[in-house]
Amino acid sequence: MADTPDNIGPRRLVVGAHYGTADWLAQRVTAILMALYTLVLLVAFLFSGPASYESWAGLFAAQWFKLFTFVTLISLFYHAWVGMRNVWMDYVKPVALRLLLQGATIAWLVGCAGWAAQILWKV
């Protein structure tokens, strides 16, 4: 077996961060949640009568809807994080630049989450 390369079979060298399955599942779960939220918004839009500020403010006044919206936004931000982290890891080779971009992405997404919470609970 001296002819067998080290990159196949049980002796294969496995490298990387091993995010694969967990990231794949996270992307699917967050996408399903965002699709469900989109359907709820669509139903609310179609059956709420004429669109006005008062009708939308009334919809967002319910605590369950604020929470559903916030959970969906957190899912969106996590979905974006997984995607952007993978882009940075795949295409930005200098480690310092990649870490800087990942840190900036995290800061931006956390800031967006805080801003979303502030907006939702002002209504």
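Please treat every number below as a calculation from the coordinates, not as lab data. From a predicted model like this one, the values you see are computed outputs, not experimental measurements. Cβ sites come from the backbone with ideal geometry, for glycine too, and all protein chains shown count toward neighbours.
The distance between label points at residue 64 and residue 47 comes to 1.2 nm (points 7 Å beyond Cα on the Cα→Cβ vector).
For the peptides 68-80, 109-121, what is the packing order when you average, over each peptide's residues, the other Cβ atoms within 10 Å and list the highest mean first? Mind dumping the intermediate values first?
Working: 68-80: 17.5, 109-121: 13.2.
Packing proxy ranking, top to bottom: 68-80, 109-121.
Using 0.36 nm times the number of residues separating residue 28 and residue 90, minus their current alpha carbon distance, what extension gain do you get?
Values: separation 62, 0.36 × 62 = 22.32 nm, distance 2.04 nm.
So the chain would gain 20.3 nm between residue 28 and residue 90.
State the answer as a single residue: which of 62, 20, 114 lies farthest towards the positive end of the charge dipole of segment 20-120, with beta carbon charges of +1 for Lys and Arg and -1 for Asp and Glu, about the Cα centre. Toward the positive end, the furthest listed residue is 20. Using Cβ point charges alone (K and R +1, D and E -1), the dipole size of segment 20-120 about the Cα centre works out to roughly 240 debye.
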